[in-house]
1. Could you tell me whether any residue of the stretch 367-382 is farther than 30 Å from Ser500 by Cα, part of a helix (DSSP H, G or I) and out of contact with any Ser or Thr (no Cβ under 7 Å at 6 or more places or on another chain)?
2. Looking at (1) assigned to a loop (DSSP other than H, G, I, E, B); (2) small (Gly, Ala, Ser); (3) at pLDDT 90 or above, find the lone condition where Gly60 falls short.
3. Scan the stretch 297-320 for residues that are closer than 28 Å to Gln181 by Cβ, open to solvent by 40 Å² or more (accessible area, probe 1.4 Å) and not in a strand (DSSP E or B) and jot them down.
4. Pick from the stretch 457-494 the residues that are of a type in the set (A, V, I, L, M, F, W, C), touching a helix residue (DSSP H, G or I) at 6+ places or on another chain (Cβ under 6 Å) and over 15 Å from Thr347 (Cβ atoms): which of them is surrounded by the most Cβ atoms within 10 Å (Cβ to Cβ)?
5. Considering each residue of the stretch 427-456, count those that are outside any strand (DSSP E or B), at negative phi and either open to solvent by less than 10 Å² (accessible area, probe 1.4 Å) or in contact (Cβ under 8 Å) with a residue 12 or more places away in the chain (or both), and give that number.
6. Tell me which residues, restricted to the stretch 192-214, are open to solvent by less than 10 Å² (accessible area, probe 1.4 Å), within 26 Å of Gly224 (Cβ to Cβ) and in a loop (DSSP other than H, G, I, E, B).
7. Taking the stretch 423-451 only, how many residues are over 24 Å from Val71 (Cα atoms) and among the hydrophobic types (A, V, I, L, M, F, W, C)?
8. In the stretch 457-466, what count of residues is obtained for those that are farther than 24 Å from Asp208 by Cα and part of a loop (DSSP other than H, G, I, E, B)?
Amino acid sequence: MIKSNVVKIRLEKLKLFCILGMILITSCSKQKDAIPEQTSNFCKSIHRNDSISLSDELKGLDELMRTKTGVYVLEDGAGSMVSRAWLTDYAEETIDIQYFIFSTDNVGLIACDYLVRAADRGVKVRILVDDIMVDAQLEDIVTMDSHKNIDIKIYNPGFNLGKSILSKAKKAVTDFRSVNQRMHNKTFIVDHKVVITGGRNIADEYFDYDHEYNFRDRDVLLLGKATKSVGSSFNQFWSDSLSVPISTLSDEPSGGLSTEDKFARLHEYACNPENFWPQIRTRIENIPLAFRTLKSSGDFIWVDEVEFVSDLPGKNDGKSGLGGGGISTSALIDLVKNAKHSLDIQTPYLITSELSQDLFREAVQRGVKIRILTNSLASTDNVEAFSSYQTDRKTLLETGVRIYEFRPDAAERTRIMTGELQKTLDHKPIFGLHAKSMVVDGQITVIGTFNLDPRSANLNTECVTVIHSEKISEQVLKGMEEEFKAENSWETTVDFNPDSEVSNLKRVKTWTRKILPKDIL
């Protein structure tokens, strides 16, 4: 018993050491500069088409939207980006946004500009972002919030925004569990009618826009019946005591800017063709034509049964330490338990527990063929998570699961990569996997935020869309089959893995991370 307690104390000290290390890294990182001054009035040439409205584009779909859910899978980043941009540009009443990461990089600043312009037209905008990964200065967020039609809340604050290194350290010591309970949900809701949800956060790398590293990701656009569940979930998070108005976290209510200058520089930045290519704007303008084509071509699938499953704010009661599960965890476990023939899974981080290993083993034993695509050491953005996967890789393979690891030079990236970026670069950025998807028996498709790891299972709130449609499963599987091919991934076996594809330095770095406990990675 004494030995057991000593082990527990050492483990808690190790966890504390890990979180304090994170504090030092984030606190010492250089803050981003303000938006660069623009030298020309680029916005004079940018016009919104006032003859178009979202309501007009949805005319004739009222009955379908009442009884079914329209589903369209957004595979490429550029398509997912312009869909959000067009919906923001033509929103008429409300925009509700919920994200884990919202960066003030190129894509983030342009997204902010679109939201401000919508708010200028009278659209009510609500933005809910998790505290721990906010990549923006507090005063910039307060400036956005100062718009009369924009309200911003921060989920579970107290560790990042507006906090000194000492206060962060104190929070980690006195409230370790709370620091690790994050909101990982990602939803974008327009006029209570249209939803985009899935794996993408708001930052360059999620939309194939970064010059060095991008994510292979997946979202889904929903119309109609299931959007009500998404809206209800958002309202539940928005009203929860864990979601705090940004204005209460700052002593500077206006962000220190005069009213007339508040958003002028943001507008000019977003209009500058060096920051937002004219070709992208043209693609946004063509969305109505593309949407009408989708409606008539059959690529937009109307589905009887679409479930939006979301965890509750705060996740579980904490009686199981850093464990405890959640609503999304239970839903996914049930899907695995009821699989009859096949499970095809994509997850950027693959950290398995005894529970998940047993689930896969039992499925294989009853004849289910399981394939999992995850990141290789060469493609991952998270060596800490990879180190834990690396430790258990052989054990997982011995359950009968087939594992594939995404290549950083995957041939698929040429097809997915934003065409405009290809024209401007003399190299191809690395692509890493970020899609969190599962297809069950070729009949049910899951697209969401849930990583196959203990953090998603027990600590982060997650959301997944469960689509009961053979046609949608066929579409998603088509992309998965492509990525299982040798030009896009390596199949890892007990006797082979591609870890040697990286430098010795990265391999050593990964090995040193094996001391980290898997339940917080």
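The values are calculated or read from the model by the stated rules, or taken from the named source; none is laboratory data. These numbers were taken from a predicted model, which means no experiment stands behind them. We place every Cβ from the backbone using ideal geometry, glycine too, and count neighbours over all the protein chains shown. In case anyone asks, the SASA skips ligands and DNA or RNA and just uses the protein heavy atoms, side chains included. Shrake-Rupley method; radii C 1.70, N 1.55, O 1.52, S 1.80 Å.
1. Within the stretch 367-382 (the criterion being farther than 30 Å from Ser500 by Cα, part of a helix (DSSP H, G or I) and out of contact with any Ser or Thr (no Cβ under 7 Å at 6 or more places or on another chain)), the answer is no, since none of the residues qualifies.
2. Exception for Gly60: condition (3).
3. Correct list: Leu312, Asp317, Lys319, Ser320.
4. Of the residues in the stretch 457-494, the ones of a type in the set (A, V, I, L, M, F, W, C) are 457, 459, 463-464, 466-467, 472, 476-477, 480, 484, 486, 490, 494.
Remaining after also requiring touching a helix residue (DSSP H, G or I) at 6+ places or on another chain (Cβ under 6 Å): 457, 459, 464, 494.
In the following step, the residues that additionally are over 15 Å from Thr347 (Cβ atoms) were identified as 459, 494.
Working: Leu459: 24, Val494: 9.
Once the filter is applied, the top-ranked residue is Leu459.
5. Residues meeting the conditions: 13.
6. Gly199, Arg200, Asn201
7. So the count comes out to 3.
8. Number of matching residues: 1.
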